[in-house]
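**Student:** If you scroll down you'll find the structure; I have some questions about it.
The values are calculated or read from the model by the stated rules, or taken from the named source; none is laboratory data. Computed from a predicted model, the values in this text were never measured in an experiment. A quick note on method: Cβ atoms are made from the backbone with ideal geometry, for glycine too, and the neighbour counts reach across all protein chains shown.
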Protein chains: 2
Amino acid sequence: MDLKIPYLLRSKNICYFEGTNFYIGNRKEFPFKKNFALCKNTDEIAQAIKSMVTQGGGPLQVALTSLIYVANLMDKGIVEYDFEIYSKNMQTIINSRPTNTTMKRTINTLLKKIEAEIDSLNTEQFLHYVKEVVAEKEDELNNIYNNMGLWGASLINDGDTILTTCFAEHTLILSLYYAMREGKKIKVLSNETRPYFQGSRLTAPSLKEMGIPVEIICDSMGSYFMRQGEVNHYMIASDLVCMDGTVVNKIGSLPNAIAANYYGIPCTAFSMSPDVTKNDKSMIDMELRDGNELLNVFNHPISEEGITALYPSFDVIDANLVTNIVTNKGIFSPVQIGDNF
Amino acid sequence: MDLKIPYLLRSKNICYFEGTNFYIGNRKEFPFKKNFALCKNTDEIAQAIKSMVTQGGGPLQVALTSLIYVANLMDKGIVEYDFEIYSKNMQTIINSRPTNTTMKRTINTLLKKIEAEIDSLNTEQFLHYVKEVVAEKEDELNNIYNNMGLWGASLINDGDTILTTCFAEHTLILSLYYAMREGKKIKVLSNETRPYFQGSRLTAPSLKEMGIPVEIICDSMGSYFMRQGEVNHYMIASDLVCMDGTVVNKIGSLPNAIAANYYGIPCTAFSMSPDVTKNDKSMIDMELRDGNELLNVFNHPISEEGITALYPSFDVIDANLVTNIVTNKGIFSPVQIGDNF
């Protein structure tokens, strides 16, 4: 069984640029259309991320590619060659999503590295240097994804049905791939993931593309199958892991974590980078989105004009509800996170 | 504060007939259109119920009105005047939904009563008699709804935010109405209730019509608000209550009942008629619907062609997760149901 990374996770399909044109794979339209949102500058890139053109791990890849994009614009003389300006452009992007801090922390670390070199380089050398820095980080990320996939696979048993929410990207996809390559027979139930249907639109087609059996269910159905004994594992990504083992992930993750706990089913979260700056859950910067976003589904209203809605976009899952956190350093229980990061 | 029963619950808006034309208020289109599905005979009425034109308490009202509808067709000479035929027409209707047994049990009781009289009556007298039987039952139901509303209101505290799933009809609506009339300040969070959005389409507009503050949330968001301490009570209808206190209700009820239990929030189910023939949960006749029903939302696909889905339509809520069952005989703990029915 060969690994064929599904369409959505191939780097070129997440984003790329040509001159001033920055293209972001439009996850809001997938799988109905495979098109790209065109951004003309970093403000527009930030706006595209805010409006969910890309999400999950997408923004990190967009930010990494933007490091090269802006360096290239400097080399072409379109943006002034100055680190303050370079950094400001990047801050615009990394401030577009507050809750998931991986993008911000990764880019700020790289910016420090880049800042130390900029004075000794001309624009062409600078562009070349940034490309190297980004390529090195991408190699590192691919290694991390791969290791986490192997560790994730070790938690999956032959015959398991795995429930998941939203689009858990490389780490879950690779875990499932390695589990199957190890000869384990597996099946996935994918929550559709309202309001944007990432589960039905992104996860289910990606798993199908990889030959992994998948069924879509509504977000309210996970506990039905747990009660029936038809789910063996709840596996999700995480937008943030705090040092106290708190996991933040897409809204809809908490009810399944509570039900998994109630029915004695393990709950595993993937986190390639627990946030050492967040000691505990009180430090989470929670993104609240506009309730109007859920009042229309594919441009059709779901209720009468004038009725309002609430849209908290992330769930906070207290550490006691989480069984395993698969990280870049291995598998930990939530209580071990603080000591290992 | 005067009681104004909302549009959807007014008897004439649930169903009515003119000659052979039987009209069922189309809950699949509400609130976007206020139209009626036209049925030409009891087969078509059964089919309309199966396809969810009406749901919840609607089928009971449809079946009661059908008792008169068929009697009228007999009086007009369109249907042969024969109890076997009368009964067969009614069985077609009451077999259209297997899990909720209230319609079946109510109609079978009335049929026995009617059967005892039919030989002594001509068609005109029969029609008149059936009208009386149905009117008596409707009066009884209205009394039950009213009492349950008063009992339900007694469980609601001033300042409560009540979470609900699907469309809990008269009993919840009246409970909220009486709570407000008693001067209690209340608010409702209405789960949108995939796949048919009864929460956003039926519950939210009905509450708004009655002046009850309501916000729509996605089905996955209830536990978020429970964890925040922003929900004080989970209140739902029930399609079936067994003698062991098991509550069966719309899919999506279980995860909220588990979360309510986890966060120490009461879970109350309304049941105007616990089923004495169902000793325990093993006797539930579970309706499984076609997974395709959730793959399209307002005629727009939610995933790629060829990907499949599962649609269990009801949740089974074990008695230990339920705090109160408000019945026609008063408020009971689930463990008291067997002794009181």
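**Student:** Out of B:Phe167, B:Phe197, I need the residue that is within 19 Å of B:Val231 (Cβ to Cβ), within 16 Å of the chain's Cα centre (by Cα) and within 14 Å of chain A (Cβ to nearest Cβ). Which one?
**Tutor:** Exactly one of B:Phe167, B:Phe197 is within 19 Å of B:Val231 (Cβ to Cβ), within 16 Å of the chain's Cα centre (by Cα) and within 14 Å of chain A (Cβ to nearest Cβ), namely B:Phe167.
**Student:** Take A:Tyr234 and tell me if it is of a type in the set (Phe, Trp, Tyr), in a helix (DSSP H, G or I) and buried (at least 24 other Cβ atoms within 10 Å of the Cβ).
**Tutor:** no
**Student:** Okay, next question. Take the conditions among the small types (Gly, Ala, Ser) and crowded, with 23+ Cβ neighbours inside 10 Å and apply them to A:Gly58. Does it pass?
**Tutor:** On the way: among the small types (Gly, Ala, Ser): yes; crowded, with 23+ Cβ neighbours inside 10 Å: yes.
Yes, satisfied.
**Student:** Is it the case that some residue within region A:278-291 is assigned to a helix (DSSP H, G or I) and not small (Gly, Ala, Ser)?
**Tutor:** yes
**Student:** Taking interchain pairs and intrachain pairs at least six residues apart, which have beta carbon atoms under 7 angstrom, with the first residue in region A:33-54 and free of Cβ contacts under 8 Å to residues at least 60 places away in the same chain and closer than 17 Å to A:Asn72 by Cβ and the second aromatic (Phe, Trp, Tyr) and surrounded by 15 or more Cβ atoms within 10 Å (Cβ to Cβ)?
**Tutor:** Pairs that qualify, where the first residue is free of Cβ contacts under 8 Å to residues at least 60 places away in the same chain and closer than 17 Å to A:Asn72 by Cβ and the partner is aromatic (Phe, Trp, Tyr) and surrounded by 15 or more Cβ atoms within 10 Å (Cβ to Cβ), are A:Leu38/A:Tyr23; A:Cys39/A:Phe22; A:Ile45/A:Phe22.
**Student:** Right, another one. Mind checking whether some residue in region B:24-39 is under 23 Å from B:Gln91 (Cβ atoms), at pLDDT 95 or above and in a helix (DSSP H, G or I)?
**Tutor:** No, that holds for no residue.
**Student:** Show the residue pairs meeting these rules: Cβ distance below 7 Å; 6+ apart or different chains; first residue within region A:121-145 and part of a loop (DSSP other than H, G, I, E, B); second residue of a type outside the set (A, V, I, L, M, F, W, C).
**Tutor:** If the second residue must be of a type outside the set (A, V, I, L, M, F, W, C), the pairs left are A:Leu121/A:Tyr129.
**Student:** When you go through B:Gln61, B:Gln55 one by one, which is the residue that is outside any helix (DSSP H, G or I) and within 30 Å of B:Gly291 (Cβ to Cβ)? Break it down into steps so the answer makes sense when it comes.
**Tutor:** Values: B:Gln61 fails: outside any helix (DSSP H, G or I).
None of the other options fit; the residue is B:Gln55.
**Student:** For region B:252-272, which positions are of a type in the set (Val, Ile, Thr) and more than 19 Å from A:Ala257 (Cβ to Cβ)?
**Tutor:** Across region B:252-272, the qualifying residue is only B:Thr268.
**Student:** Now, a different point. Out of curiosity, is B:Tyr178 in contact with a helix residue (DSSP H, G or I) (Cβ under 9 Å, 6 or more places away or on another chain), more than 25 Å from B:Ile258 (Cα to Cα) and without any contact (Cβ under 8 Å) to a residue 60 or more places away in the chain?
**Tutor:** Values: in contact with a helix residue (DSSP H, G or I) (Cβ under 9 Å, 6 or more places away or on another chain): yes; more than 25 Å from B:Ile258 (Cα to Cα): yes; without any contact (Cβ under 8 Å) to a residue 60 or more places away in the chain: yes.
When the stated conditions are applied, B:Tyr178 passes them.
**Student:** Need the failing condition index for B:Ser282 against (1) farther than 16 Å from B:Thr327 by Cα; (2) away from every other protein chain (no Cβ under 11 Å); (3) touching a residue at least 12 places away in the same chain (Cβ under 8 Å); (4) out of contact with any helix residue (DSSP H, G or I) (no Cβ under 7 Å at 6 or more places or on another chain), just the number.
**Tutor:** That leaves (3) as the condition not met.
**Student:** Considering only region A:132-156, state which residues are in contact with a helix residue (DSSP H, G or I) (Cβ under 9 Å, 6 or more places away or on another chain), farther than 20 Å from A:Ala179 by Cα and loosely packed, with under 15 Cβ neighbours inside 10 Å.
**Tutor:** Correct list: A:Glu138 only.
**Student:** May I pose another question? Across region B:156-169, what is the total count of residues that are part of a loop (DSSP other than H, G, I, E, B) and either of a type in the set (D, E, K, R) or on the phi > 0 side of the Ramachandran plot (or both)?
**Tutor:** The total comes to 4.
**Student:** Let me ask another. Out of the residues in region B:302-341 meeting the condition of being within 14 Å of chain A (Cβ to nearest Cβ) and of a type in the set (Ser, Thr, Tyr), tell me which one is farthest from B:Asp280 (Cα to Cα).
**Tutor:** Among those that are within 14 Å of chain A (Cβ to nearest Cβ) and of a type in the set (Ser, Thr, Tyr), it is B:Ser303.
**Student:** Given the structure, is A:Ile68 closer than 19 Å to A:Ala135 by Cβ, out of contact with any Asp or Glu (no Cβ under 9 Å at 6 or more places or on another chain) and not in a loop (DSSP other than H, G, I, E, B)?
**Tutor:** Numbers: closer than 19 Å to A:Ala135 by Cβ: yes; out of contact with any Asp or Glu (no Cβ under 9 Å at 6 or more places or on another chain): yes; not in a loop (DSSP other than H, G, I, E, B): yes.
Yes: the conditions hold for A:Ile68.
**Student:** If you go through region B:237-253 one residue at a time, how many are within 12 Å of chain A (Cβ to nearest Cβ) and either touching a Lys or Arg at 6+ places or on another chain (Cβ under 8 Å) or in a strand (DSSP E or B) (or both)?
**Tutor:** The number of residues fulfilling the criteria is 5.
**Student:** Looking at B:Asp2 and the list (1) in contact with a helix residue (DSSP H, G or I) (Cβ under 6 Å, 6 or more places away or on another chain); (2) at pLDDT below 95; (3) surrounded by fewer than 23 Cβ atoms within 10 Å (Cβ to Cβ), which single condition is not satisfied?
**Tutor:** Exception for B:Asp2: condition (1).
**Student:** Of all the residues that make up region B:275-289, how many are touching a Phe, Trp or Tyr at 6+ places or on another chain (Cβ under 8 Å) and at pLDDT 95 or above?
**Tutor:** Selection size over region B:275-289: 1.
**Student:** Might you check whether a residue that is of a type outside the set (Val, Ile, Thr), within 14 Å of chain B (Cβ to nearest Cβ) and surrounded by fewer than 24 Cβ atoms within 10 Å (Cβ to Cβ) occurs anywhere in region A:215-225?
**Tutor:** yes
**Student:** Residue check: is A:Thr203 in contact with a Ser or Thr (Cβ under 9 Å, 6 or more places away or on another chain), within 12 Å of another protein chain (Cβ to nearest Cβ) and on the phi > 0 side of the Ramachandran plot?
**Tutor:** So A:Thr203 does not fit the description; no.
**Student:** Right, next: Filter region A:280-296 down to residues that are surrounded by 13 or more Cβ atoms within 10 Å (Cβ to Cβ) and more than 18 Å from the chain's Cα centre (by Cα), then give me how many there are.
**Tutor:** So the count comes out to 8.
**Student:** Checking the condition outside the structural domain of A:Ile49 (by TED's automatic domain parsing) and on the phi < 0 side of the Ramachandran plot, which residue from A:Gly245, A:Gly291, A:Gly264 passes?
**Tutor:** The match here is A:Gly291.
**Student:** Counting only residues that are out of contact with any Ser or Thr (no Cβ under 6 Å at 6 or more places or on another chain) and either of a type in the set (Asp, Glu) or part of a strand (DSSP E or B) (or both), how many does region A:327-341 have? Show your work before the answer.
**Tutor:** Residues of region A:327-341 that are out of contact with any Ser or Thr (no Cβ under 6 Å at 6 or more places or on another chain), as a first pass: A:328-341.
Next, only the ones that are either of a type in the set (Asp, Glu) or part of a strand (DSSP E or B) (or both) stay: A:330-332, A:339.
Within region A:327-341, residues that are out of contact with any Ser or Thr (no Cβ under 6 Å at 6 or more places or on another chain) and either of a type in the set (Asp, Glu) or part of a strand (DSSP E or B) (or both) number 4.
**Student:** Something else about it: Filter region B:170-194 for residues that are within 12 Å of chain A (Cβ to nearest Cβ) and assigned to a loop (DSSP other than H, G, I, E, B); which is surrounded by the most Cβ atoms within 10 Å (Cβ to Cβ)? Break it down into steps so the answer makes sense when it comes.
**Tutor:** Keep residues of region B:170-194 that are within 12 Å of chain A (Cβ to nearest Cβ), which gives B:187-194.
Those left that are additionally assigned to a loop (DSSP other than H, G, I, E, B): B:192-194.
Details: B:Glu192: 32, B:Thr193: 27, B:Arg194: 27.
Among them, the one singled out is B:Glu192.
**Student:** Give the residue, chosen from B:Ser303, B:Ser313, that is in contact (Cβ under 8 Å) with a residue 12 or more places away in the chain, in contact with a strand residue (DSSP E or B) (Cβ under 8 Å, 6 or more places away or on another chain) and surrounded by 19 or more Cβ atoms within 10 Å (Cβ to Cβ).
**Tutor:** The unique qualifying residue is B:Ser313.
**Student:** Scan A:Thr165, A:Thr101, A:Thr123, A:Thr106 and give me the residue that is outside the structural domain of A:Met283 (by TED's automatic domain parsing), of a type in the set (Ser, Thr, Tyr), within 23 Å of A:Ala48 (Cα to Cα) and modelled with pLDDT of 95 or more.
**Tutor:** Testing whether each residue is outside the structural domain of A:Met283 (by TED's automatic domain parsing), of a type in the set (Ser, Thr, Tyr), within 23 Å of A:Ala48 (Cα to Cα) and modelled with pLDDT of 95 or more leaves just A:Thr106.
**Student:** Considering each residue of region A:74-93, count those that are of a type outside the set (Phe, Trp, Tyr) and either in a loop (DSSP other than H, G, I, E, B) or not assigned by TED's automatic domain parsing to the domain that holds A:Ile45 (or both), and give that number. Explain how you work it out, then say what you get.
**Tutor:** Taking region A:74-93 first, the residues of a type outside the set (Phe, Trp, Tyr) are A:74-80, A:82, A:84-85, A:87-93.
Then keep just the ones that are either in a loop (DSSP other than H, G, I, E, B) or not assigned by TED's automatic domain parsing to the domain that holds A:Ile45 (or both); that gives A:76-80, A:82.
Residues meeting the conditions: 6.
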